[in-house]
Amino acid sequence: MLVNPLDPFNFGKKHHFVGVFFYTNQMSSVLTGITTNGPPHLGNYVGAMRPAIELSKKSKSFIFLADYHSLIKQQDPELTHQSTLSIAAAWIACGLDLENTIFYRQSSIPQIMELNWILTSITPKGLMNRAHAYKAIQDATNGKDKDKNVQMGLFNYPILMSSDILMFNADLIPVGSDQKQHIEMTRDIANKFNLTYGSFFNLPEPLIDKTTSYLPGLDGNKMSKSYSNYIDLFADEKKLQKQINQIKTDSLEPGEKKSQDSILYKYFKCFVGNNEIKKIDDYFNEGMGWGDLKKILFELINTELTPSREKYFDLINNPKKVEKILLEGESKAFEIASKNLRNIRSLVGIKTL
Ligand code: TRP
């Protein structure tokens, strides 16, 4: 029998999800967040939003806006603020199941920051030295001072991410493959805590589907707001087509066979089901021109996004609707976080006399 790896109701079955095995012996909880440092982009949608929304229809979910993470990436208060609204609106417009989901701003749950300190106190510096994001910035820095562009927030970033996850003892973390290392670090930190103070934290698993949840940027590198190589999730049709036209291709002419290693093929993989990919393979093998392939890709993406686009703009123009939904989620998240933090504080010796 085929097991749907996204179905946490397949109790006790062994799932194979891109190299990650996990067992779901009990009701699993799902948690993911998006950093609010720009408008929502297609990479956020494919890597985190789409899989998490599917899961939210069936399992208890924690979905949050990583606004404190945003301060590490840029220091434009208006951008952080606007992006919090637009990313929240995008989650709701794309169909997040608000019955099963606790939806909140990270900054509204101060317990996460308190846990951050507790975990910082036991995290080995050597573990953080190995973080790809930190190393990439060091490698990109010419000259002697390798720490020139490194803020402490960036260096400690994986600990804050661990606090986000461990605060709610979440089991499954749908993320893009670039975040895999952060989940491994979360497991290391959770383990260290459990060994030091007694077992409290679950060891979370990343939920990564390399073929359908990794969308490269226009230039083939990681799609990121920081690199300005992204496609807006809710651009109007004209802009969407324009951005798709900017996806880098080689100079092969119509009639020449196109490679499945191309950036464009990776986009198709994210937007066509298994049944239709054969047709796309034929187009690539037959040598359809890049321009025509891009038109087909536009149609596919546009068809998937059109129903959500209108809802999105309605929410952006009515921020109070979004605020109300967040406040409801935040009161639930606050309660769970308070209870967990009380136990964690007690384990480390911070309690009443
Ligand atoms: N680091 C993630 C990103 O840049 C965002 C994030 C912050 C996150 N905390 C998290 C994702 C906890 C999953 C779980 O995409």
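The values are calculated or read from the model by the stated rules, or taken from the named source; none is laboratory data. What you see is a predicted model, and the numbers here were worked out from it, not measured in a lab. FYI the Cβ positions are ideal-geometry reconstructions off the backbone, even for glycines, and counts take in every protein chain you see. Areas reflect the complete protein model, heavy atoms only, side chains present, ligands, DNA and RNA absent. Shrake-Rupley method; radii C 1.70, N 1.55, O 1.52, S 1.80 Å.
In terms of its alpha-carbon gyration tensor, the chain comes out prolate; a/c meets the 1.5 threshold, and the first ratio a/b outweighs b/c. ILE122 sits among other residues whose Cβ lies under 13 Å from its own Cβ, and their net charge, with Lys and Arg +1 and Asp and Glu -1, is +1. Rounded to the nearest Hz, the phi-derived 3J(HN,Hα) couplings of the range 229-244 under the Karplus curve 6.51 cos²θ - 1.76 cosθ + 1.60 (θ = phi - 60°) are 10, 10, 10, 4, 5, 10, 5, 6, 4, 4, 5, 4, 4, 4, 5, 5, where x marks glycine and proline. Largest GNM mean-square fluctuation among ALA140, ALA66, ALA337, using the chain with Cα springs under 10 Å: ALA140. Measuring spread by the Cα atoms of the range 212-319 yields a radius of gyration and Dmax of 14.7, 50 Å.
Remark on THR35: its backbone amide H falls under 5 Å from those of ALA66, a criterion applied only to residues 5 or more positions apart or on other chains, H modelled at 1.01 Å from N. For the range 17-122, the calculated P(r), taken from all Cα-Cα distances in 5 Å bins from zero up to the bin holding the longest distance, is 2, 12, 19, 21, 19, 15, 9, 2, 0 percent. Of the accessible area of the chain, computed with a 1.4 Å probe over protein heavy atoms only, carbon and sulfur atoms account for 52 percent. Rounded to whole numbers, the Karplus 3J(HN,Hα) couplings from phi for the range 323-337 are 4, 4, 4, 5, 4, 4, x, 5, 5, 6, 4, 4, 5, 5, 5 Hz, using 6.51 cos²θ - 1.76 cosθ + 1.60 with θ = phi - 60°, and x at Gly and Pro.
The H on the amide N of SER29, modeled in the peptide plane, is under 5 Å from the matching H of ASP171, LEU172, each at least 5 residues off or on a different chain. The mean sequence separation of alpha-carbon pairs under 8 Å and at least six residues apart, normalised by the residue count of the range 121-218, gives a relative contact order of 28 percent. Using the 1.4 Å probe convention, the accessible area of the range 225-353 works out to 61 Å² per residue with neighbouring protein chains retained. Highest GNM mean-square fluctuation among GLY220, GLY291, GLY47, for the chain modelled with Cα contacts below 10 Å: GLY291. The spacing between the range 306-322 and the range 86-159, judged by their C-alpha centroids, is 28 Å.
Taking only C-alpha pairs under 8 Å that are 6+ residues apart, what is the relative contact order of the range 216-353 in percent?
About 20 percent, as a whole number.
Average projection, convex hull of the Cα set of the range 125-169: 3.4 square nanometres. Among the trypsin sites (Lys or Arg not before Pro) within the range 318-353, those in coil by DSSP and having at most 16 neighbouring Cβ atoms inside 10 Å are LYS351. Under 5 Å between amide hydrogens, built in the peptide plane, is the criterion, and for ILE102 it picks out SER61, PHE62, ILE63 among residues at least 5 positions away or on other chains. Remark: for residue pairs LYS311/LYS332; LYS210/LYS258; LYS135/LYS258; LYS239/LYS266; LYS148/LYS210, the C-alpha separation exceeds 29 Å in LYS135/LYS258; LYS148/LYS210. Pairs of Cα atoms nearer than 8 Å and 6+ residues apart set the relative contact order; for the chain it is 20 percent.
Apply the Kirkwood formula to the range 261-344: the hydrodynamic radius equals the inverse of the mean of 1/r over all pairs of different alpha-carbon atoms; give it in Å with one decimal.
Final number for the Kirkwood radius of the range 261-344 is 16.7 Å.
Within the chain, antiparallel bridges make up roughly 30 percent of the DSSP beta bridges whose residues both belong there. Applying the Karplus parametrisation 6.51 cos²θ - 1.76 cosθ + 1.60 with θ = phi - 60° to the phi angles of the range 128-137, what ³J(HN,Hα) value in whole Hz is obtained for each residue in order, glycine and proline being reported as x? In residue order, the calculated couplings are 5, 4, 8, 5, 4, 4, 5, 5, 4, 5 Hz.
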